[in-house]
């Protein structure tokens, strides 16, 4: 993810020398946050940006910086609140709609993520990362045919992107096209053997082929690579059940349910009157 405040010009025009901003001003706090980010301390940068936001709640640069740094340590609630403001202030900037979609996807709000990412695609139809994010959100919403269309377009623009290829394999598996799903998943695995999505897809395909031990191995790799994946835990529970290991099957189904509860809690927190929620 690009972080705007790190790449924003240090001066208003190219070639000019940046002048130090007053330490207590929003501009001064942005400069401090940049230094903290460069020093590898995103948590400190975020705290400084909270102060900057209180001083300049309608500053596009402050809101953009705050939202993107909040997403870095996976804090979708604060990021969504800032990005809601940004998308209202700058409705024609596709990048903000994209970031809002990513934040909503992180929070587990797939309908909201899809809606925001579709707006971003309308504003910037040739952005492969936006099309990829839309495909990912549509996969999670189980809208596999629409996901496949978005991902094919993304890969036309960025054919070497293995995340796009893995997501395409997932969409194809969801549509029941096991042959294409396996082919694309194997292409990803030749470049990244532990890739979470590609191993998930291979696990699903191998289960359909009744190769349960191989499926279990692929799904264990998927879970190790992405322990937050509810789908991987669920599929692994099925593999263990087919192999007669009821105890481990039960453990995985409980982890699957736990991940679903965590997603529900994140969505509830966004809507809580005491949290930073969307209007």
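Estimated at 0.36 nm per residue, the fully extended path between residue 142 and residue 217 surpasses their Cα-Cα distance by 24.6 nm.
Which of the three applies to the stretch 141-192, rounded, prolate or oblate, going by the alpha-carbon gyration tensor with a ≥ b ≥ c and a/c under 1.5 meaning rounded? It is oblate, given that a/c is not under 1.5 and a/b is not larger than b/c. For the chain, the longest principal axis of the Cα atoms and the long axis of helix 162-174 meet at an angle of about 50 degrees. Note on residue 72 and residue 224: with the Förster distance fixed at 35 Å, the Cβ-Cβ geometry gives a FRET efficiency of about 0.90. Placing R0 at 25 angstrom, the Cβ-Cβ distance between residue 261 and residue 241 gives a FRET efficiency of 0.70 after rounding to 0.05. The ellipsoid that matches the Cα gyration tensor of the chain has semi-axes, each √(5λ) in whole angstrom, of 39, 21, 17, with the longest given first. Taking only Cα atoms, what is the 0 to 90° angle, nearest 10, from helix 178-191's long axis to the longest principal axis of the chain? The two axes meet at around 60 degrees.
Relative to its residue count, the stretch 25-125 spans a Cα convex hull of 84 Å³ per residue. How high is the relative contact order of the chain, in percent, with contacts defined as C-alpha pairs under 8 Å that are six or more residues apart? With pairs under 8 Å counted, the relative contact order is 10 percent.
Sorting the segments 44-52, 241-249 by their residues' average number of neighbouring beta-carbon atoms within 10 angstrom, most packed first, yields 44-52, 241-249.
Using 0.36 nm per residue and subtracting the Cα-Cα separation, the extra length available between residue 58 and residue 208 on full extension is 48.7 nm. Rounded to the nearest 500, the helix-only mean residue ellipticity at 222 nm of the chain stands at -23500 deg cm²/dmol, with each DSSP H run of n ≥ 4 adding -39,500 (n - 2.57). Applying 1/(1 + (r/R0)^6) with R0 = 30 Å to the Cβ-Cβ distance of residue 43 and residue 268 gives a FRET efficiency near 0.80. The calculated P(r) of the stretch 195-261, using every Cα pair and 5 Å bins from 0, goes 4, 24, 31, 26, 13, 2, 0 in percent.
Read the figures in this text as sums done on the coordinates, not as results from a lab. All figures in this text were calculated on a predicted structure; none of them were measured in a lab. Using ideal geometry, Cβ is built from the backbone for each residue, glycine included, and neighbour counts are taken over all protein chains shown.
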